[in-house]
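What follows is a short report on a single structure.
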There are 2 protein chains.
Amino acid sequence: MRIPKIVILGAGYGGLITAVRLQKQLGVNEAEVVLVNKNDYHYETTWLHEASAGTLHHDRVRYDITSVIDRHKVDFVQGTVMEINKEEKKVVLENGEINYDYLVVALGGEPETFGIKGLKEFAFGITNVNSSRQLREHIEYQFATYNIEEEKKDERLTIVVGGAGFTGIEFLGELGNRIPELCQEYDVDFNKVRVICVEAAPTVLPGFDPELVDYAVAVLEQKGVEFMIGTAIKECTPEGIIVSKGENETMEIKAETVVWAAGIRGNSVIEKSGFEAMRGRVKVQPDLRVPGFEDVFIIGDCSLVINEEINRPYPPTAQIAIQQGEVVAKNLTALVRGKAELENFVPDIKGTVCSLGEDDAIGVVYGKKLTGGKASIMKKVIDNRSLYLVGGAGLVLKKGKFNIL
Amino acid sequence: MRIPKIVILGAGYGGLITAVRLQKQLGVNEAEVVLVNKNDYHYETTWLHEASAGTLHHDRVRYDITSVIDRHKVDFVQGTVMEINKEEKKVVLENGEINYDYLVVALGGEPETFGIKGLKEFAFGITNVNSSRQLREHIEYQFATYNIEEEKKDERLTIVVGGAGFTGIEFLGELGNRIPELCQEYDVDFNKVRVICVEAAPTVLPGFDPELVDYAVAVLEQKGVEFMIGTAIKECTPEGIIVSKGENETMEIKAETVVWAAGIRGNSVIEKSGFEAMRGRVKVQPDLRVPGFEDVFIIGDCSLVINEEINRPYPPTAQIAIQQGEVVAKNLTALVRGKAELENFVPDIKGTVCSLGEDDAIGVVYGKKLTGGKASIMKKVIDNRSLYLVGGAGLVLKKGKFNIL
């Protein structure tokens, strides 16, 4: 008798949790499990702002996939997914094809540039290990070049961060720590450096408690960040950005570094594969399966789950991806064992903490507002927890954050 | 009675040795000594190939000038020299003017590009701290960017070094150590990296013992360096270089990093100030004074001293600059004390060692040929000696090289 084949696409938070849970729950002879990922490593997406600013080495934000999977139970295939053929139940990779009985799509998101001209070409992203270390190197190169030029170009020392959402604010917090170091490393006058956050929405961190938002803005302003709120980026150019000013006017901000941290959408593979989706995100059933395709689960940034309380989608977070991975693993175990009853995914939002650099943060945890050192410690606890869920105490010891004051 | 004012321009090897010797030899009331330098630090020019490759941090190759001068005896002025008015006996700085009774010109050299098109604009230099750290950052940025591009540009991983003289070869030796590290840091395949040394002369390290040259070439080739000897660079472009091939043909080598390490000339201030000079170098009297200007000494890269044995100028080295500084300090002491008899400068070439990376080198020391570990240790001894001569054992302890096997 052939045992069912489960294929998991993506080793981000959702996919990796699914894999490690399945290897615990299923016996070797119950199912064949294949994990497919572009890289041979997993990275902590929620730590990339640190690798991008240069406050944490990129090797600290990633670990080998084979170090956390049980190779007797899970096969790992390194490959880039091009398309899912859901009728023929197979996945097309750049170099090959894999058939499946059950599929878990956990491919992660992509930056959403909302059609703003030039962003794709000229802005840097905090998207993955490659983009983060390129951004870090780019900033260092600008600082290294400033002194060598006879005619000083102050725009080399200007960093524009597009977006005052979670990623933008956390990145600004790290820059606040990093820039004094860069000034010392490259003999640059701190007063010449400008860090400008441009956000189209009327507030920083929309959806966050206003009192905490005020705290965050005050902390970042004290670190030298300038905020341009309610200001839309019209265009990104090789020289900087053009923003709207008033009704019909525009203004240029010269900056050698523009970072786009404002939007995320689902994976383009979703659309290429013909799933019904909004910006690459599929509205899944409560059991996380795709309506009409009972053998396909979608989790993480490619899934859309509505928060009934406010009738809006939950934001795509690591917390939700991890919880979805746990539910999918349970549901797959049930299906493999011939049970028809599946569990529904009900998000359990324990809290949200947004870091503001090395030792400061804001957050709401179990309904309680936190700022400063306490929030910062809580942030590190959360970061360590995602390691624990995947790789246990061993992984926490290897990759965890212990610089707790 | 007014005491004479001695102004020293430049705090490189020659100028700094002059200053520290004068502060030992002269009493506070014998002369006023002013040291002028562009930066507030001295850097070890002969270590810049390490800072450029990224094998030694640039802060290790420099130290504060005020940490080695006695401020009761020597005034330090940070400023950029624009011109010397030798008739009016004054030095024009970017922000000010200084009069002198005696002047020591120790301004150091500048890269000589021999009029090769594009070199000035598109090639990197191993010239000072600013240029070295920019080069290091540039190489890192190329490696960081390689993986992120969908269409891989292998020229990002190609480094052309123009010149197989001392600086070029030492830089290649460091790259040999650094490139495996860069490959690991940025997940780049070592086999994709190319390091090409292009030299117009018919041999590597002209003037060096042929047996040692063969050793150096073999070591570097084993580290992956390709040599194109007897090949002239015709032009440097934003895409790479164009070299001559045969009589009339040319060939393009695509490379995102081109380093010009082939030529050095004297300082352009020499010509601006109307000194009679060849490529910015003044043929000085045996006592290191300028013919016709008995109050001006020129030492280091701006001075030209003929080696009578072979009727060719001595190469501009740290060893010679240091020895010249010692002689000038003695001669100034004599002049200040009203003695007419000055000492002549006679170079005492103790040896030359060219490093080939962390633990390998070639050299001739006291007439004896050395290779490998022994030569490498000797190189570090030489490096530490220049620190010792300026700042004594304390400076050696602070900045010296002790990674001796």
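Evaluated against (1) closer than 30 Å to A:Glu247 by Cβ; (2) within 14 Å of chain B (Cβ to nearest Cβ), A:Glu112 falls short on exactly one condition, (2). Residues considered: B:Pro316, B:Pro347. Of these, the only one that is under 23 Å from the mean Cα position of the chain (by Cα) and within 28 Å of B:Val198 (Cβ to Cβ) is B:Pro316.
For segment B:182-217, a tally of residues being more than 14 Å from chain A (Cβ to nearest Cβ) and buried (at least 17 other Cβ atoms within 10 Å of the Cβ) returns 16. Here B:Val258 clears all of (1) within 30 Å of B:Thr371 (Cβ to Cβ); (2) open to solvent by less than 20 Å² (accessible area, probe 1.4 Å); (3) part of a helix (DSSP H, G or I) except the condition numbered (3). Within segment A:127-140, the set of residues being touching a strand residue (DSSP E or B) at 6+ places or on another chain (Cβ under 8 Å), within 9 Å of chain B (Cβ to nearest Cβ) and of a type outside the set (S, T, N, Q) comprises A:Val129, A:Leu135, A:His138.
When residues in segment A:244-255 are screened for being exposed (fewer than 15 other Cβ atoms within 10 Å of the Cβ) and either touching a strand residue (DSSP E or B) at 6+ places or on another chain (Cβ under 8 Å) or within 30 Å of A:Lys152 (Cβ to Cβ) (or both), 5 of them pass. Residues that are more than 26 Å from A:Arg62 (Cβ to Cβ) and without any contact (Cβ under 8 Å) to a residue 12 or more places away in the chain within segment A:1-48 comprise A:Met1, A:Arg2, A:Gly27, listed in sequence order. Here B:Leu220 does not fit the description of being within 28 Å of A:Arg136 (Cα to Cα), open to solvent by less than 60 Å² (accessible area, probe 1.4 Å) and in contact (Cβ under 8 Å) with a residue 12 or more places away in the chain. When A:Ile242, A:Ile148, A:Ile159 are checked against the criterion of being over 30 Å from A:Asn311 (Cα atoms), in contact with a Ser or Thr (Cβ under 7 Å, 6 or more places away or on another chain) and within 14 Å of another protein chain (Cβ to nearest Cβ), A:Ile148 stands alone in meeting it. I'm told A:Gly108 meets every condition in (1) more than 21 Å from A:Asp295 (Cα to Cα); (2) crowded, with 21+ Cβ neighbours inside 10 Å; (3) not acidic (Asp, Glu) except one. Can you identify the failing condition by its number? Here A:Gly108 clears every test but (1).
A single entry from B:Asn267, B:Asn311 fulfils the requirement of being of a type outside the set (Phe, Trp, Tyr) and open to solvent by 70 Å² or more (accessible area, probe 1.4 Å): B:Asn311. Restricted to segment B:53-70, and to residues there that are part of a helix (DSSP H, G or I) and out of contact with any Gly (no Cβ under 9 Å at 6 or more places or on another chain), the residue that is most open to solvent (accessible area, probe 1.4 Å) is B:Arg60.
Would you confirm whether any residue within segment A:86-96 is open to solvent by less than 30 Å² (accessible area, probe 1.4 Å), modelled with pLDDT of 95 or more, within 25 Å of A:Gln324 (Cα to Cα) and not charged (D, E, K, R)? Yes - at least one qualifying residue is present in segment A:86-96. Taking the criterion of being in the same structural domain as A:Gly338 (by TED's automatic domain parsing), buried (at least 21 other Cβ atoms within 10 Å of the Cβ) and assigned to a strand (DSSP E or B), would at least one residue in segment A:13-33 satisfy it? Yes, the conditions are met somewhere in segment A:13-33. Inspect all residues belonging to segment B:301-312 and state whether any of them is touching an Asp or Glu at 6+ places or on another chain (Cβ under 7 Å) and in the same structural domain as B:Lys24 (by TED's automatic domain parsing). Within segment B:301-312, not a single residue is touching an Asp or Glu at 6+ places or on another chain (Cβ under 7 Å) and in the same structural domain as B:Lys24 (by TED's automatic domain parsing).
Kindly establish whether B:Thr237 is farther than 25 Å from B:Glu50 by Cβ and either within 24 Å of the chain's Cα centre (by Cα) or open to solvent by less than 40 Å² (accessible area, probe 1.4 Å) (or both). Against the criterion (farther than 25 Å from B:Glu50 by Cβ and either within 24 Å of the chain's Cα centre (by Cα) or open to solvent by less than 40 Å² (accessible area, probe 1.4 Å) (or both)), B:Thr237 qualifies.
The lone criterion from (1) open to solvent by 40 Å² or more (accessible area, probe 1.4 Å); (2) within 20 Å of the chain's Cα centre (by Cα) left unmet by B:Gly10 is number (1). Just one of the listed residues (B:Phe143, B:Phe124, B:Phe171) is within 14 Å of chain A (Cβ to nearest Cβ) and open to solvent by less than 10 Å² (accessible area, probe 1.4 Å), namely B:Phe143. Report yes if A:Tyr63 is aromatic (Phe, Trp, Tyr), in contact with a His (Cβ under 9 Å, 6 or more places away or on another chain) and outside the structural domain of A:Phe166 (by TED's automatic domain parsing), otherwise no. It is true that A:Tyr63 is aromatic (Phe, Trp, Tyr), in contact with a His (Cβ under 9 Å, 6 or more places away or on another chain) and outside the structural domain of A:Phe166 (by TED's automatic domain parsing). A:Leu342 falls short on exactly one of the conditions (1) assigned by TED's automatic domain parsing to the domain that holds A:Asn29; (2) in contact with a Ser or Thr (Cβ under 9 Å, 6 or more places away or on another chain), and that condition is (2). Answer yes or no as to whether A:Gly176 is assigned to a loop (DSSP other than H, G, I, E, B) and buried (at least 23 other Cβ atoms within 10 Å of the Cβ). It is false that A:Gly176 is assigned to a loop (DSSP other than H, G, I, E, B) and buried (at least 23 other Cβ atoms within 10 Å of the Cβ).
The values are calculated or read from the model by the stated rules, or taken from the named source; none is laboratory data. Note that the structure is a prediction, hence the values are computed from the model and not measured. When we count neighbours, we look across all protein chains shown, and the Cβ atoms used for this are built from the backbone with ideal geometry, even at glycine. Side chains included, ligands, DNA and RNA excluded: accessible areas come from the protein's heavy atoms. Shrake-Rupley method; radii C 1.70, N 1.55, O 1.52, S 1.80 Å.
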